[in-house]
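The values are calculated or read from the model by the stated rules, or taken from the named source; none is laboratory data. The structure displayed is predicted, hence computed values, not measured ones. Cβ placement follows ideal geometry from the backbone for every residue including glycine, while neighbour counts extend to all protein chains displayed. Side chains are part of the model used for accessible areas, which takes the heavy atoms of the whole protein and leaves out ligands, DNA and RNA. Shrake-Rupley method; radii C 1.70, N 1.55, O 1.52, S 1.80 Å.
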Amino acid sequence: MDQIKKNVVFILFCWLLPGLSAAKPPPPHIIFIMADDLGWNDVGFHGSTQIPTPNIDALAYSGVILNNYYMQAICTPSRGALMTGKYPIHTGLQLSTIYASHPWGLGLDEKILPEHLSPLGYVSHLVGKWHLGFFKKEYTPTYRGFQSHFGFWTGRIDYYDHSSFERGHLGFDMKRNMSSARDISVRYATDLFTEEATNIINVHNASSPLFLFLSHLAVHSGNPNAPLQAPEEIINKFLHIKDESRRKYAGMLWKLDESVGAVVKALQKNNMLENSIIIFTTDNGGPADGFNDNAASNWPLRGVKATLWEGGIRGAGLIWSPLLKKPGRVYNSLMHITDLLPTLITAAGGNSGALGQIDGKDMWKSLVNDQPSTRTEFPINIDPKFKSSGIRAGDWKLVYRPLSWVSFRWDSWIGPTGRNETAEATKLENIFRQILESPAAAAVKTVIPKAFRNLAEIRKYAEVSCGPVPPEPALHCIDPSTPCLFHIPSDPCEYHDLAEVYPDIVRELHSRLQSYNATAVPPRNKPTDEAADPKYWDSAWTNWKDYPLPLPLRPHGISITGLQQNIVQ
């Protein structure tokens, strides 16, 4: 009888074995690292040697460089597009950013990325910048799918004292969920966010998938009194950079790169890296030559942050994962920031087809297998206030008033190029050595042993080259009735306006742009609310609309400690 039982058990085991071997793999951990205002030319993998970024480059060279990747021109619209998978014209975020005293935010009818991931078993945490509204608690991160948030709600803060100065109002803005984190020491913001991110990884139960959105302040400028800040010993690493602002920017970028290395190392230490997807991206183009008091470089692309030129919307980005086939390559197919939501949902084991009416395209299969993009076009933006708009369709780009409200000073090709450095540390062989010896590279080698075989070849392939600016480049396209047309593959630096040469293409793209405009919703923007002024709220920015306090406002301030406790409950 015992032998019969053994035989039955053996037969059952053999019958179940194929099903067990075909069991669905566990969802990957998703680590999304977003830099703020990083320029196209500020990462080493695009060819510059001026500011080494060894950890970021290590992920790029062992993952997939997104070389034809676009986002919105400024912070709030890009972050809204990422979180919803929708163009800003479909969420009402197409105008400007949300200032700290603005009583509006990303609509509560929008389901965002962590809310989509939650049914798939994900635990979601936000570290760093939010910038999608906070005038009421329902608009803040922990009410929108994140289990925790440590960081700031506004658009920027001081790197050390964590105050945010906007439109004449100064207030503390470092939050631990719904409360002001007054207990934290005066420490460099990038270090604080890195420490929080690695702590989350260290205590995470790896049996559940993690979604960590590390949304850095760096390399955005801080408050106007001291916009560019980094530890002095780090800034001194870049004495070969003569421009003081660019030297400070280099220190900020070095700390950002250091953070990337620490996060990758923490994933490897906790046995999570082999089942992780890491995305690194900027949120928009870089503010160069003093724009926003900053010193980024988009060279050789034209323009800066807040413009519809390539320098404002074409971004440095990469995706890394052992799940990607043929790691260490450049992906030149078209991709838009809205594509990241459906792509990550599919990667997480979800059904991107069930996401409803979104604009993003599911790119997961294309990225994994190195197949052509499913995206063929996107509206760059449609701004009804400044009559600034544009569309990218196939190889063509049509733009009306790409400068929007930005001064002609930044309608140019602004360096530094980063190709003529003379310091020992900027020699290409030393750049490659730093990459291979970086914490990120050491961690990557444990899961992709054959990584980093073609650094020079990949670097060259990821560069954009345009030659010198012609004597008579394309004009500013400032007339809202007369657009400029560019063939981006042959003219990525937007030297040559071809509108008069190809009028049929202009008409076709204009018609496509009108079709998008017909689907646009009204902008959500609201004017400043003086009741938001931190002087009324213990000198901190807060969700002021949750507190029904009488007006006129009291100039000596009102303590809201008890009120906050009630709100948090």
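For a test of the definition: using alpha carbon positions, the gyration tensor, and the 1.5 limit on a/c, classify the chain as rounded, prolate or oblate.
Rounded.
Computed from point charges on the beta carbon alone (+1 for Lys and Arg, -1 for Asp and Glu), the dipole magnitude for the chain about its Cα centre is near 1200 Debye. Using only Cα coordinates, the Kirkwood hydrodynamic radius of segment 72-228 works out to 16.0 Å. For segment 195-290, just say rounded, prolate or oblate: build the C-alpha gyration tensor, square-root its eigenvalues into a ≥ b ≥ c, call rounded for a/c under 1.5, and beyond that prolate if a/b exceeds b/c, oblate if not. In terms of gyration-tensor shape, prolate. Shown here is the pair-distance distribution of segment 256-312: with all Cα-Cα distances grouped in 5 Å bins from zero up to the longest one, the shares run 4, 17, 19, 14, 11, 10, 12, 10, 2 percent. How many angstrom separate the Cα center of segment 66-112 from the Cα center of segment 327-382? With segment 66-112 and segment 327-382 each reduced to a Cα centre, they are spaced 17 Å.
Computed over protein heavy atoms with a 1.4 Å probe, the carbon and sulfur contribution to the accessible area of segment 102-156 reaches 49%. Looking at the chain, the accessible area is 40 square angstrom per residue; that uses a 1.4 Å probe and ignores ligands, DNA and RNA. Debye-formula intensities of segment 367-526, expressed as log10 I(q)/I(0) at q = 0.15 Å⁻¹, are -0.98 (one equal scatterer per alpha-carbon, no solvent).
Spin-label pair E138-A442: with each label point 7 Å from Cα along the Cα-Cβ axis, the two points sit 4.9 nm from one another.
Projecting the Cα atoms of F408, I201, I319 onto the charge dipole of the chain, computed from C-beta unit charges around the Cα centre, puts I201 farthest toward the positive end.
Extension gain, Y547 to A520: 0.36 nm times the residue separation minus the Cα-Cα distance gives 6.4 nm. Of all DSSP bridge pairs formed entirely within the chain, close to 50 percent run antiparallel. Kirkwood Rh over Cα pairs of segment 393-458 into Stokes-Einstein at 10 °C, 1.306 mPa s: D in µm²/s? The Stokes-Einstein estimate is 97 µm²/s. Share of carbon and sulfur in the accessible area of segment 194-297 stands at 43%, probe radius 1.4 Å. Compared with the direct C-alpha span, the chain from S245 to N202 gains 11.9 nm at full extension, assuming 0.36 nm per residue. In whole angstrom, how far apart do the alpha carbon centroids of segment 179-210 and segment 407-471 sit? What the calculation gives is 30 Å, centre to centre. By the combined test of axial Cα extent (at least 20 Å) and Kyte-Doolittle hydropathy (mean at least -0.5), the qualifying DSSP H helices of the chain come to 2-21, 189-203, 244-269. With a cut-off of 17 Å on the backbone N, the residues of segment 387-414 near the modelled label site 7 Å out from E508 along Cα-Cβ are 391-399.
Taking a straight Cα-Cα cut-off under 17 Å and skipping sequence neighbours fewer than 8 places away in the same chain, the lysines within cross-link reach of K325 are K365, K445, K450.
Here r is the Cβ-Cβ distance between D370 and S539 and R0 is 60 Å; the resulting FRET efficiency, rounded to 0.05, is 0.70.
What order, most packed first, do the peptides 343-352, 183-192 have when packing is the mean number of other Cβ atoms within 10 Å of each residue?
My ranking of the peptides, most packed first, is 343-352, 183-192.
Only bridges with both residues in segment 78-234 count here: give the DSSP antiparallel percent, nearest 5. The antiparallel proportion sits near 40 percent.
Rounded to the nearest 20 debye, the dipole magnitude of segment 151-213 is 160 debye, with +1 charges on Lys and Arg beta carbons, -1 on Asp and Glu beta carbons, and the Cα centre as origin. The listed peptides 313-325, 519-531, 270-282, ordered by packing as a protection proxy, come out as 313-325, 270-282, 519-531 (highest mean of other Cβ atoms within 10 Å first). In terms of packing, defined here as the mean over residues of other Cβ atoms within 10 angstrom, the peptides 482-495, 409-422 line up highest first as 482-495, 409-422.
Computed with a 1.4 Å probe on the full set of protein chains, the accessible area for V501 sits at about 90 Å². A Cβ-based charge dipole, computed about the Cα centre of segment 253-332 with Lys and Arg at +1 and Asp and Glu at -1, lands at about 380 debye. With 30 Å as the limit, the listed pairs K129/K427; K86/K136; K111/K248; K397/K460 have K129/K427; K111/K248 beyond it between alpha carbons.
Kindly provide the Kirkwood hydrodynamic radius of segment 206-261 in Å, to one decimal, from all pairs of distinct alpha carbon atoms. Over segment 206-261, the inverse of the mean reciprocal pair distance is 12.7 Å.
Calculate for the chain the 222 nm mean residue ellipticity that helices alone would give, adding -39,500 (n - 2.57) per DSSP H run of length 4 or more and normalising by residue count, nearest 500 deg cm²/dmol.
Using -39500 (n - 2.57) per qualifying helix, the result is -8000 deg cm²/dmol.
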